[in-house]
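First the structure, in the form of structure tokens, and then the observations on it.
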Amino acid sequence: MVSRMFRLVLVACSGACCVGPSLRADVIEYTDKGEWQAAGGEFTTIGFTGYPDGTWIFEQYAYLGVHFVDGADLIVCCDFVTFPMDGAGLDGNAEIHLVFDAPIYTIAADFPGNLMFDLYNDGELMYSSSMMGVGGIGNFGGLISTSPFDEAIIHSWEEFQVFLDDLHFGPPIPGASGLGLLGVAFVGIVRRRRG
């Protein structure tokens, strides 16, 4: 007879391995950067520095596993009022469309103005955030999802300009070996409880 604990572990592992595009995510929204950082684990930051003012952004950050695919994102440089983090930012016009090489669980931004996040997995919309920011500079908005996503569209309210000071995202979902180790760990726990 299989113990109740072991059945729960099997259900949890099968759910982790078989996340499908029809799954809707539970997402927590953050406006406090410290709380998002504490809850989100490892992440990558893009500060949009190192490129001249007016540079169009497409594949410059592909080495970090993210692609800017809408073709309308432009570096704004040397403006420490609008972009207080480091003086550089991204003007996304009406939206910033990101595609990730591997599914991730968290995304956030430091930004002026306001913005919203739409998260997608396998081309299907799985979450739309509330509007974050109330205008002005120095705003932060972040999301942590229970389900992975591989695409995000960042836009502002009613198709106004959207700007990013810094973009944060990650971590990638565990590979098959990581999920296998997770299953072994759970089985080990069940065996210890039975013995």
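Laboratory data are not the source of any read-out in this text; all were calculated from the coordinates shown. These figures come from a predicted structure and were not determined experimentally. Every residue, glycine as well, gets a Cβ built from its backbone with ideal geometry; the counts of neighbours run over all protein chains shown.
List the relative contact order of the stretch 24-117 as a percent without decimals, with contacts defined as Cα pairs under 8 Å and 6+ residues apart. Don't jump to the answer; show the numbers that get you there.
Working: 106 pairs, mean separation 22.2, N = 94.
Once normalised by length, the contact order is 24 percent.
Counting other C-beta atoms within 10 Å, which of F163, F100 has the fewest, and how do the rest follow?
Details: F163 24, F100 19.
Ranking F163, F100 by Cβ neighbours within 10 Å, fewest first, gives F100, F163.
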Integer Hz, Karplus 6.51/-1.76/1.60 couplings in order for the stretch 65-82, x for Gly and Pro
x, 9, 10, 9, 9, 7, x, 10, 9, 10, 5, 10, 10, 6, 10, 7, 7, 6
